[in-house]
Amino acid sequence: MTFSRRQILLAAAAAPTILRAQPKAEFVLKYANNLPLPHPMNVRAKEMADAIAADTGGRVNLQIFPSNQLGSDTDMLSQLRAGGIDFFTLSGLILSTLVPAASITGIGFAFSDYDTVWKALDGDLGAYVRKEIGKANLLAMDRIWDNGFRQITSSARPIQTADDLKGFKIRVPVSPLWTSMFKALDAAPASINFSEVYSALQTKIVDGQENPLAIISTAKLNEVQKYCSITNHMWDGFWFLASRRSWDRLPEDLRTIVARHVNAAGMKERTDVAALNAGLRKELTDKGMIFNQAGADSFRQRLRQANFYAEWKGKYGDEAWNLLERYSGKLA
């Protein structure tokens, strides 16, 4: 089943903010995320929770807490590790503060299109990252959820080439890779949790930010940003993470059911996000946002000149980097 962008947003608007567990549930599990309620992640999560409850005969009920209701990304990651949250979807680039290898999927300009992304992440590169996540006493489900290719927005000027980023104050997530990449591009990155992005842009603490169009729209960042430059500078996805303590507490038959529905929901969310991003450029233009297409060549050249690729190859090691270049082609 596929949804139009309008159906996705209407369905999300009708959903409750938190899905409360039924009183007779044997296992009450908390799933937290940092995205607004209208995002396809939360639409599909609602379906997923209903399917899990039905297939387990009501033994498992999932509470869904969107929009950073349980804290910042770093707060929720700590709660996940402590068992206070059972499930959490997090970008690999932010997860890299705990699992360094998780950020390799976000190397600048590594993936040219979605076909390449899914071959890599559903293949041996994804398997490598999941193995590294497991060493942190977390479990990553088999199918990573989509966030999309990221674009740069600005209140000051359009970004056409790497030269336009010189001194540009840009919000980046709390992740070493993001900071490193934008420093290599001569920008002035500031690490700010997503829950504070709108206010940081509104008060001009930063001039711009970068996110996929679906998040720019659902978080209404177009209200505080004038320009959107299509850079596709990195692809970003969400690992669906489980607390090892919570996961091991579930009987094996319930783990099988939960994992099946989580992975199925992730596949549907991928389709939703791709469709949503494809239609949002016109919608955001109609709301006053000014778009431009930025070529990748000057950015890649600047990153090579700054030894960005060589530096991160050294940090990840040959095994991980060779897996990445199997899909991206030669970077360093």
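The values are calculated or read from the model by the stated rules, or taken from the named source; none is laboratory data. What you are looking at is a predicted structure, and each value in this text was computed from that prediction instead of being measured. In this analysis, Cβ positions are derived from the backbone assuming ideal geometry, glycine residues included, and neighbour counts consider all displayed protein chains.
Yes/no matrix, rows are residues, columns are (1) touching a residue at least 40 places away in the same chain (Cβ under 8 Å); (2) touching an Asp or Glu at 6+ places or on another chain (Cβ under 9 Å):
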{"residue": "Y31", "(1), (2)": "yes, yes"}
{"residue": "N34", "(1), (2)": "yes, yes"}
{"residue": "L77", "(1), (2)": "no, no"}
{"residue": "R81", "(1), (2)": "yes, no"}
{"residue": "I85", "(1), (2)": "yes, no"}
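Which one of these does G329 not meet: (1) touching a residue at least 60 places away in the same chain (Cβ under 8 Å); (2) closer than 21 Å to T231 by Cβ?
(1)
Give me the residue from the range 164-222 that is among the acidic types (D, E) and within 28 Å of A278 (Cβ to Cβ) and, out of that set, farthest from the chain's Cα centre (by Cα).
Step by step, filter the range 164-222, then rank; the result is D164.
Which of the residues belonging to the range 184-195 are in contact (Cβ under 8 Å) with a residue 60 or more places away in the chain and on the phi < 0 side of the Ramachandran plot?
The first filter runs over the range 184-195 and keeps only residues in contact (Cβ under 8 Å) with a residue 60 or more places away in the chain, leaving 184-186, 193-195.
Hits for the range 184-195 are A184, L185, N193, F194, S195.
Yes/no matrix, rows are residues, columns are (1) surrounded by 17 or more Cβ atoms within 10 Å (Cβ to Cβ); (2) in contact with a Ser or Thr (Cβ under 9 Å, 6 or more places away or on another chain); (3) free of Cβ contacts under 8 Å to residues at least 12 places away in the same chain; (4) not polar (S, T, N, Q):
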| residue | (1), (2), (3), (4) |
| --- | --- |
| V224 | yes, yes, no, yes |
| W247 | yes, no, no, yes |
| V262 | yes, no, no, yes |
| T271 | no, yes, no, no |
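In the range 54-91, what count of residues is obtained for those that are of a type in the set (G, A, S), under 25 Å from T256 (Cβ atoms) and either in contact with a helix residue (DSSP H, G or I) (Cβ under 9 Å, 6 or more places away or on another chain) or surrounded by 19 or more Cβ atoms within 10 Å (Cβ to Cβ) (or both)?
So the count comes out to 2.
Of the residues I170, I159, which is part of a loop (DSSP other than H, G, I, E, B), buried (at least 18 other Cβ atoms within 10 Å of the Cβ), outside the structural domain of D75 (by TED's automatic domain parsing) and in contact (Cβ under 8 Å) with a residue 40 or more places away in the chain?
Every option except I159 fails the conditions.
Name the single residue, out of those in the range 9-22 being within 29 Å of D253 (Cα to Cα) and of a type in the set (G, A, S), that is modelled with the lowest pLDDT.
Top of the filtered list is A15.
Exactly one of (1) of a type outside the set (G, A, S); (2) in contact (Cβ under 8 Å) with a residue 60 or more places away in the chain; (3) over 20 Å from T116 (Cβ atoms); (4) not in a helix (DSSP H, G or I) is unmet by N232. Its number?
(3)
Could you count how many residues in the range 284-299 are surrounded by 13 or more Cβ atoms within 10 Å (Cβ to Cβ) and in contact with a helix residue (DSSP H, G or I) (Cβ under 9 Å, 6 or more places away or on another chain)?
6
Given the conditions (1) part of a helix (DSSP H, G or I); (2) modelled with pLDDT of 95 or more; (3) of a type in the set (S, T, Y), and given that S195 satisfies all but one, which numbered condition is not satisfied?
The failed condition is (2).
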